[in-house]
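The values are calculated or read from the model by the stated rules, or taken from the named source; none is laboratory data. From a predicted model like this one, the values you see are computed outputs, not experimental measurements. Heads up, the Cβs are rebuilt from the backbone with ideal geometry, glycines too, and the neighbour counts pull from every protein chain shown. With ligands, DNA and RNA removed, areas are computed over all heavy atoms of the protein, side chains included. Shrake-Rupley method; radii C 1.70, N 1.55, O 1.52, S 1.80 Å.
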Amino acid sequence: MSIKQPFTDLEINTSVQGFYKGHSVEIALISKAIMVGLVIWALVWPANANKVLGSWNSQILANFNAFYILIVGLFAIFLFIVAILPQTGKRVMGRPGEGTEFSNFSWFSMMFGAGLGVGLMVFATAEPIGLWGSNPVILSGAVEANSEEALTSAYRYTFSHYGFHAWAIYVVTGLSLAYYAYTRDMPLTIRTALTPLFGRLMNGFLGHVVDVLGVVATILGVSVTIGFGISQFIDGVYAVTGMEWMMNLTGEAPAPGTVGLIAGLLLVMGLSIISAVSGVGRGVKYLSNLNLVLSLILLFTFVVFGSFFFAMTTYATALVDYLVSFLSLSFGAYSPLSASAFAAELPPEAVPFADALRGGATNAWGSFDAFKAGLEGDAAALPDEVLQAAYAAGETGRQFGWQSGWTTFYWAWWIAFSPFVGLFLARISRGRTVREFIVGCVIAPSLVCFAWMTILGGTAIDLEISGGADGAIIGASNTAKLFVTLGQMISGGFLSAITIMCVVLIMTFLVTSADSGILVMNTIMSGGDQNVGNKHKIIWGVILTAVIGTLLIAGKVGGVDPMEALRNAMIIGALPFTMVMGLMCVALAKALYRDGVRARAGTLAANPAE
């Protein structure tokens, strides 16, 4: 029986002359219109932009929190099945006998630097410390915040946010693109991943929409990453130089000011554009290798001078706990607690005060003592046991607030980041098997991330448990926690040298992320052509700079956190691409199954396009 060959005749019309030569005019203009519109809105009406983005974000979290949680769990399970099945895992993404383009060291260093480099620098200390003080187990009342008993649950959720789930998001996109590009000789662009489902429809307007969603998500995901990284970069420069003009010194702890953030942004993005112009084989590759070397020096410093035994003990117990809890972490989703549902759980004497009690009882960032202290009038006079019951009635609301503020934020961040990281992973992975790609890009980097989180974060927690830090690390801003931990751990000239090295490392991580993002955006808009003109790299570097800068200003004008508008825009932009990724999984499952049928029938060509 003849088996139909897969659709590979993907046509993306690109201009043959003029300014947009080699680019899809439709994708480029629609993407630019969306981004320029966002920049003008945030620049001219910053307070309104911050308010509206915040309102949309709240509505999305209220309605789609469970969707985000469940679909990311399905991504991880899907990849596990694809890797473990012999007929899919052994498939080579390339022509017969074709070798890999990059060595394992360069391959790993590039995926590591592009995927989570900046995130690890910011959150390797901030994440474990933050979750040590607030996580679902603490919110349930099972353990006390910032106690030794809270350590296991803190790392359970730390590993969840930076482990298999995070990298599975990247690999769903990356594997889809790499499989079609290297086994079917199709363009390395987002719409290619949906051709098994929609075929020739991807040649028209629907394909443009998919690619534009990929570009918008990429810009917003990279923007949040660079925003956090720039903040930590300014914290590091301040620690080295003491230049106060870069900082906002009016709060409880010094934090980067708007002027400092914009100055750092201009420096980093200027270097990123220069690196992007040099191409992936030079700038990105060399910077990624430097990143990995400097990262190992920083890690070794914590191994020697930090709490290494404490960290390794924590690593072993936390990894086991994470694996045991994997399914519950994947599919334990919460929805908002309505006023009526909260009132129904209250004891009779508390029902008249339901409105006064609900806000504090459902606050994921408070505690029972803070809940009591915030009550006024007759509600504050209720017996302690009634208040305990009212606080317990709000647990579902607290769990939803925590999950949407922590886990769903991360899932949206990684999803918005996935067109960039996924396409970049595909770009550097020609010639590898499907199983090698999944294991190499999910399990291996996750284990390294876990080591970072336990060695750096474990040292910070141990310094707090022992009393040596005396609350200094907990009280520091998230982007300053690394430098405060170093200051508690070492001193003198060595501290200055390591701090300077960290500043350089943060800058190179930022440059790697930004220039890779610029390259990926241009690859999408050129229909998968990886050799785009330098002028378009420069233009999109300027647009990316403008998006980050104006949203940082809008966040500061509209509130107290410069990152607020960036985070809100990213979560909004990630939602439609999440749905695209769900379709990618269905399409890849169909393609792998049909290619398996063709292979058994002897009709699968080594390269169907040939």
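The conditions of being surrounded by fewer than 23 Cβ atoms within 10 Å (Cβ to Cβ) and assigned to a helix (DSSP H, G or I) are met by residue 150. Somewhere in segment 470-486, is a residue surrounded by fewer than 22 Cβ atoms within 10 Å (Cβ to Cβ), of a type in the set (D, E, K, R) and in contact (Cβ under 8 Å) with a residue 12 or more places away in the chain? There is no residue in segment 470-486 that is surrounded by fewer than 22 Cβ atoms within 10 Å (Cβ to Cβ), of a type in the set (D, E, K, R) and in contact (Cβ under 8 Å) with a residue 12 or more places away in the chain.
Checked against the criterion of being part of a helix (DSSP H, G or I) and within 16 Å of the chain's Cα centre (by Cα), the candidates 108, 198, 159 yield just one match: 159. The set of residues from segment 345-363 being open to solvent by 80 Å² or more (accessible area, probe 1.4 Å) and not charged (D, E, K, R) comprises 348, 352. Taking the criterion of being open to solvent by less than 60 Å² (accessible area, probe 1.4 Å) and either closer than 15 Å to residue 139 by Cα or acidic (Asp, Glu) (or both), the residues of segment 364-382 that qualify are 364, 366, 367, 368, 370, 371. Of the helices (runs of 4 or more DSSP H) that lie entirely inside segment 441-526, those containing 1 or more residues that are among the basic types (Lys, Arg) span 481-489. Collect the residues in segment 409-437 that are modelled with pLDDT of 90 or more, open to solvent by 10 Å² or more (accessible area, probe 1.4 Å), more than 18 Å from residue 161 (Cβ to Cβ) and not basic (Lys, Arg), keeping them in residue-number order. Residues satisfying the conditions are 433, 436.
Conditions tested, residue by residue: (1) touching a Lys or Arg at 6+ places or on another chain (Cβ under 9 Å); (2) open to solvent by 10 Å² or more (accessible area, probe 1.4 Å); (3) modelled with pLDDT under 95; (4) under 16 Å from residue 399 (Cα atoms).
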| site | (1), (2), (3), (4) |
| --- | --- |
| 134 | no, yes, yes, yes |
| 142 | no, yes, yes, yes |
| 156 | no, yes, no, yes |
| 162 | no, no, yes, no |
| 167 | no, no, yes, no |
| 176 | no, no, yes, no |
